[in-house]
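We did not get these values from a lab; they are worked out from the coordinates using the rules stated. All values derive from a computational prediction rather than experimental measurement. Virtual Cβ from ideal backbone geometry, glycine too; neighbours counted across all protein chains shown.
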Amino acid sequence: MPAAGTYANGQQLTVDAALKQPQRLSRELTALANKRLVSRRLFVRGPAVTGGSIEYERSQSIFMDREAETIAERAKWPRAGMSEDIRQARVNQWGLEFPVSNLSIRRNRTDVLRRGMVKLGNTLAKRIDGAAMAVLEGDADIQSQSASAVWTAAGTDIIADLGLAQEKIETQDEGYDGFEGATLVLHTNLRDSLLNNTVLRNALPRETNDGQIRTGMMAPFLGLREIIFTPRITPTLALLIDTNVAGTVVDEIPDPQEGWTTFNPDATVDPIYTMVYPDPTTKEQVVAAGRWPAFFLTDPKAVVKITGVSA
């Protein structure tokens, strides 16, 4: 047997033993991917699905399809209906695998396994987040506005741009939150622009231990719940989202007979399924990992896309 070596979480575990415990690998990959995944913070978790797709209702008005009327005594009351827009979202299969040679197993190359796990988790998170952002950016029914000027200029009134976007959400008569609890999503390159914006600097308090001057992190303002920076969004866009209602993510669960395993401690964690199988032609073990998600918007009017925030 190979000598004991230090594995990812600091425990003494050989490569050979790790590859025989795919659930342990799944736990590691799930933790690695969830550290990077932005989509899990932007979409509401929905139920598990089967059959490769899910039907859902696109945002419905909170009102009936006709106005209430003044009714005379003994007159017949008017009857109203409720319109429904039924749509379908398709599940996509995202996956990747990497080999661990028999020599690496024999020589207990824990570094080979560790590098493969880190790169695999990061690559899956990148691809899944890219698909989620494409849904948010590309839906034809979301609201849109142009920035008053590029946000990379220190004097741009970002507060006014966001206030207008928040009004667009609040005035939909759908109960959406724009000024209380909405999330702002920006490209990572714009973090410094917000920190250096003179309008925001003058508006936000400085004499605090958790402000942006001390922490280097942009503090939420205008009632925002949080500001998320990600390289997966288009650099010229900003998204303001009521994440409580805007979109949903669902996952298709593999059949147990397929051999996939996962470690999912609670509903807030996006699962990564793992399988280890031998490849006799190349004399190595293969670590495969994947996920079967579908992202869709049920309430696109709870999203405002601000264009032209950077050149």
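Here are the numbers:
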| quantity | calculated |
| --- | --- |
| Viscosity 1.002 mPa s, 20 °C: Kirkwood-radius Stokes-Einstein D of the stretch 181-311 over Cα pairs, µm²/s | 116 µm²/s |
| When each of LYS35/LYS126; LYS35/LYS168; LYS126/LYS301 is checked by Cα-Cα distance, pairs over 21 Å | LYS35/LYS168; LYS126/LYS301 |
| Principal semi-axes in Å for the stretch 259-304 [√(5λ), Cα gyration tensor, largest first] | 35, 14, 7 |
| Proxy reagent accessibility, fewest Cβ within 10 Å first, across TYR277, TYR176 | TYR277, TYR176 |
| Acute angle (nearest 10 degrees) that the helix 110-138 long axis makes with the longest principal axis of the chain, alpha-carbon atoms | 20 degrees |
| Within the chain, longest stretch free of exposed trypsin sites (Lys or Arg not before Pro) [DSSP loop, at most 15 other beta carbons within 10 Å] | 108-205 |
| Value of [θ]222 nm, deg cm²/dmol, for the chain, DSSP H segments ≥ 4, -39500 (n - 2.57) each, nearest 500 | -8000 deg cm²/dmol |
| Per-residue Cβ neighbour rank within 10 angstrom, fewest leading, PHE296, PHE229 | PHE229, PHE296 |
| In the stretch 132-211, the GluC sites (Glu not before Pro) that fall in loop regions by DSSP, at most 10 other Cβ within 10 Å | GLU207 |
| Residue-count net charge about VAL15 - beta-carbon cut-off 11 Å; Lys, Arg +1, Asp, Glu -1 | +3 |
| For the chain: span of alpha carbons on each principal axis (Å, largest first) | 87, 58, 32 |
| Spin-label proximity, THR208 to the stretch 224-240 - amide N less than 20 Å from point 7 Å beyond Cα toward beta carbon | 224-229 |
| Residues in the stretch 265-293 reached by a label modelled at ALA48 [backbone nitrogen below 13 Å; 7 Å Cα→Cβ] | 265-267, 271-273, 292 |
| All-pairs alpha carbon distance profile, the stretch 71-116, 5 Å steps from 0, percent | 5, 12, 11, 8, 5, 7, 5, 6, 5, 5, 5, 4, 4, 4, 4, 5, 4, 3, 0 |
| Residues ASP242, ASP173 arranged by fewest to most Cβ contacts within 10 Å | ASP173, ASP242 |
| Hull-based mean projected area of the stretch 91-202, where the convex hull spans the alpha carbons, in square nanometres | 11.3 nm² |
| Cα-based Kirkwood hydrodynamic radius, the stretch 139-234, one decimal, Å | 14.3 Å |
| Residues SER146 and LEU96, FRET efficiency given R0 of 35 Å [Cβ-Cβ distance, rounded to 0.05] | 0.35 |
| Scattering curve values for the stretch 16-173, log₁₀ I(q)/I(0), Debye with Cα scatterers, q = 0.12, 0.16, 0.20 Å⁻¹ | -0.86, -1.11, -1.34 |
